[in-house]
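Here's the structure, in structure tokens; my notes come after.
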Amino acid sequence: MLRPKIPTMPTPVGVTAPPAVVQPTAVEPAPQTMAPAAAPVVPTARPTIQITPGSVLAVVGAGTAVVLVVGTVLVSMLLATAVTAASVAVCAVVVRSLLNGQRRQR
């Protein structure tokens, strides 16, 4: 009942044309043109990035600031979730107490 049906390849009906024969052709190379010569590269004497004590201090300070900001945001989100869960739990206890109090009075 739950067996999948596998499609079968239909067989061709009637007269079919034979496959076309591909004749190989000779490949003729395109005429070559001379490319203009590139200008020589002159190496520079100084490095691309210069690291100074001030730049190291700036990078360390920026990294520290980013870590502190991201940590503060994550901790505040966790605290907000914890406060919300605690308040929902307190509301559930109060509602349960009210419902039990009504059942005893009847």
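The values are calculated or read from the model by the stated rules, or taken from the named source; none is laboratory data. This one's a predicted model, so the numbers in the text were calculated from it and none came from an experiment. Cβ atoms come from the backbone with ideal geometry, glycine included; neighbour counts cover every protein chain shown. These area figures cover heavy atoms from the full protein model, side chains too; ligands, DNA and RNA do not enter into them. Shrake-Rupley method; radii C 1.70, N 1.55, O 1.52, S 1.80 Å.
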statement: If we ask which residues in segment 31-67 are at pLDDT 75 or above, open to solvent by less than 100 Å² (accessible area, probe 1.4 Å) and either acidic (Asp, Glu) or assigned to a loop (DSSP other than H, G, I, E, B) (or both), their number turns out to be 1
- line: Exception for SER87 within (1) surrounded by 10 or more Cβ atoms within 10 Å (Cβ to Cβ); (2) among the hydroxyl-bearing types (Ser, Thr, Tyr); (3) modelled with pLDDT under 80 falls at (3)
